[in-house]
Amino acid sequence: MSKKNKQKVFSGSNYIIWYCLLFSVAFLGLYGLIDLLVEEYPKWLGLAIFGFLALCVFIVFFVYKKKRDAEIEFENKTLQMEKAMTGLMRDVDIPCILTLPSGIIAWCSKGAHEMFGIHESLLQKNLNDLCDVKVDQLIATLDEKEDANEDENDGNEFDRGSLPVVILGRKYMAKIHRQMLGKNSYYLITYTDYTDYAHLLDKYEAETPVVAHIVLDNLNEIAEYVRVSYRSAANEIEEILNKFAAEMHGFIREYNRDKYIMVFSKEKYKECLDNKFDILETIRNVRLGDSSVPVTISMGVSTLGENFEEKEKNAFSALEFALQRGGDQVAVKTEDDIIFFGGKTKGVQKKSGSFARVFATQLVSYIANASNVLIMGHSNPDFDAIGACVGIARLCMWCGVEPKIVMNTQHKNFTACTEKLLMLEDYKNTFVSAEAGLDLIQLNTLLIVVDANNFNILESSDIAYNVADFVVIDHHRKVAEFENEPLLALIDPSASSASEMITGILEQCLPNDVLYKEEANLLLSGIMVDTKNFTKTTGTKTFSAAMYLRGIGANSEIAGMFFRQDFEDFISESKFNGNVTIYLDKIAITESSGNDPDFDRVAAAKAADKLLNVRGVEASFALVSINDRIHISARSNGSINVQLILEKMGGGGHFDSAAAAVSGSDMRSVLYRLKDAIDAYLEEN
């Protein structure tokens, strides 16, 4: 007999009947046993047994009846409460709907009628016709909730089994519950009105304060050469900034000369994102007197931070990033990355050497306190990287610390310029390989990185990522934040070369008789290679550094001998000449294939330089395929920012000189990407 049938047999009044039958069988069995075992027994014995049986049956029946009456009373009260609750739920203002899986409404509350604005009966109507969020979509979220592992619970139960929905202009969160009635599945859907909460949340988001640091990049320099009052010019710029702050419904205050802090709402910040911070263009259109040089500003903006202190720090950090990229731009620090706007003009060199003096003093202090010093530039070193490393090495020796320069001593540029340097006693054991440099890392090792700020292109990235204390000196635009904060960072895109920057530091620190002429020649060659023999990217600091080196004993003729071209270079460079196309009537693009990275990359750079001499060409790009990588060298006459173009392809560099390397693509694909990047830049600017 099945369990279900047993429950049916032993339920209700049948339970008493079975007890009576069992006691009757027990009575007859006992009476028959006595009759067999006892020859003579009293006649009243059967009556006594029967009476005992009757008493037992009565007691069992009485107990059962009391229990059954209590159960019936409880069931009646429960039924009454269910009816009362059903009526109550029907009249409550909370929108509740009971539907079939198909969406047919089986029951709904009064609040549901009000939610849909329907006063007639909703029974038998299809909920899918009344609401954009379908029942099967809600069921799917419920299934996802049931299938989710409890260990993956993110604590946000409000979103699980729920979907947002808009009904008659109000926002609701629809939450579904499954209910089994027999073999049928029903779904109870409750709607929570969060319109007011969403409005408050949107208002809070829109009114969240955003902090910005603003500096005037070049007003002081322009005012020195233009017959105009600095104060009147500054007042003109300040008036524009005050108007900008008023339009943003914020406020701006000058806390130092040419430095401002501004606070405005996130709602207005989003408007600035949409118009790409056109305040840059407004300021750029200002011309002082008869000067053709535009006034520019740099701005650091931050939406990050739980309080004003954190927002201000992040904004200042973004401003430093904008300045290290050459200024005339806005750097916006977000949760995911730093976004840049602007960067249309070249940086202007600052005449003041006060910062260089402060930096040199701090650098000397760090060098003197280090256990040992490693110096490193980018891989495939050019004369600028070599000269900069040698200049820092001389500074370390003057501080009494023996430096080690991590460099590929087999590179052709190294062998071309260091023959006389290696004859000096100080440099016989100074240069080490990347592998040897790793073994030199100690607890208090100081790493000085020159002519690069991207650790991925250094001679040894492993050394850079394993040294805790490091200093960066570079003239390339900064493309990304450092994973760890450097002790010092001097990144000046307005400088012609790293050798120029380090010459300025040496001039502040070293006595006149400390720097050797062999070292001075290397520093001079570094300046010459990046300025194309003083024909581009030069300023007062450039010539001042050259004059200082010339006074030490540097000879431009000797430095120029380092640039003599090998026959292999000549052959590699000639491959570019017969494959040139002009894109958009002003951009020259040439391509070639090669086998040797040392020769062919240099040849590409020289080809890009030569293309700028063609009348009408404003920018040039030379692409060379080497093994599985496409190397791009870009040059500009100053009207197009090639650095912003190649940043879109993972590269970087200067306003008018940049490079990139693309792996895993053929030449045709890279050409398409390059043209897309050029088009995007021209559209943005």
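For this structure, a couple of remarks:
- Subset of region 518-564 [small (G, A, S), surrounded by fewer than 21 Cβ atoms within 10 Å (Cβ to Cβ) and within 39 Å of the chain's Cα centre (by Cα)]: G539
- Qualifying residue in region 259-269 (condition: in a helix (DSSP H, G or I), assigned by TED's automatic domain parsing to the domain that holds E310 and touching a Cys at 6+ places or on another chain (Cβ under 8 Å)): no
- Residue list for region 248-258, restricted to those being part of a loop (DSSP other than H, G, I, E, B) and within 17 Å of N235 (Cβ to Cβ): R257, D258
- Unique residue being surrounded by fewer than 22 Cβ atoms within 10 Å (Cβ to Cβ), within 31 Å of the chain's Cα centre (by Cα) and either touching a residue at least 12 places away in the same chain (Cβ under 8 Å) or assigned by TED's automatic domain parsing to the domain that holds G400 (or both) when the list is I473, I491: I491
- Some residue of region 449-462 being more than 20 Å from G387 (Cα to Cα) and either in contact (Cβ under 8 Å) with a residue 12 or more places away in the chain or of a type in the set (G, A, S) (or both): yes
- Failed condition for F251, given (1) surrounded by 15 or more Cβ atoms within 10 Å (Cβ to Cβ); (2) of a type in the set (F, W, Y); (3) farther than 19 Å from A322 by Cα: (1)
- Selection count where residues are of a type outside the set (G, A, S) and over 23 Å from Q410 (Cβ atoms), scope region 455-474: 9
- Matching residues in region 418-444 - criterion: being within 42 Å of the chain's Cα centre (by Cα) and either assigned to a loop (DSSP other than H, G, I, E, B) or of a type outside the set (G, A, S) (or both): T430, F431, V432, S433, E435, L438, D439, L440, I441, Q442, L443, N444
- Considering the conditions (1) surrounded by fewer than 14 Cβ atoms within 10 Å (Cβ to Cβ); (2) of a type outside the set (D, E); (3) part of a loop (DSSP other than H, G, I, E, B), N453 is excluded by exactly one of them, (1).
- Set side by side, the residues F655, F621, F576 differ, and just one is among the aromatic types (F, W, Y), touching a Ser or Thr at 6+ places or on another chain (Cβ under 6 Å) and not assigned by TED's automatic domain parsing to the domain that holds F414, which is F576.
- When the residues of region 632-648 are filtered to those that are touching a Leu at 6+ places or on another chain (Cβ under 7 Å) and at pLDDT 90 or above, the one that is surrounded by the most Cβ atoms within 10 Å (Cβ to Cβ) is A634.
- Test: residue in region 484-504 that is in contact with a strand residue (DSSP E or B) (Cβ under 6 Å, 6 or more places away or on another chain) and part of a loop (DSSP other than H, G, I, E, B): yes
- Residue within region 579-601 that is crowded, with 17+ Cβ neighbours inside 10 Å and basic (K, R) present: yes
- Flag if L506 is aliphatic (A, V, I, L, M), surrounded by fewer than 19 Cβ atoms within 10 Å (Cβ to Cβ) and assigned by TED's automatic domain parsing to the domain that holds L522: no
- Close contacts from region 374-387, counting a first residue that is assigned to a strand (DSSP E or B) and a second that is crowded, with 24+ Cβ neighbours inside 10 Å and acidic (D, E), with Cβ to Cβ under 8 Å and a gap of 6+ residues or different chains, come to M376/E459; H378/D451; H378/E459.
- Applying a threshold of 9 Å to beta carbon distances and a minimum spacing of six or more residues, or different chains, the list of pairs starting in region 263-285 at a residue that is touching a residue at least 12 places away in the same chain (Cβ under 8 Å) and small (G, A, S) and ending at one that is outside any helix (DSSP H, G or I) and exposed (fewer than 14 other Cβ atoms within 10 Å of the Cβ) reads S265/T208; S265/H249.
- For I339: the one exception among (1) modelled with pLDDT of 90 or more; (2) of a type in the set (A, V, I, L, M); (3) more than 16 Å from N218 (Cβ to Cβ): (1)
- Options S232, S298, S265; residue that is surrounded by fewer than 20 Cβ atoms within 10 Å (Cβ to Cβ), closer than 14 Å to A212 by Cα and of a type in the set (S, T, Y): S265
The values are calculated or read from the model by the stated rules, or taken from the named source; none is laboratory data. Not measured: the values here are computed from a predicted model. Positions of Cβ are generated from backbone atoms using ideal geometry, with glycine treated the same way; all protein chains shown enter the neighbour counts.
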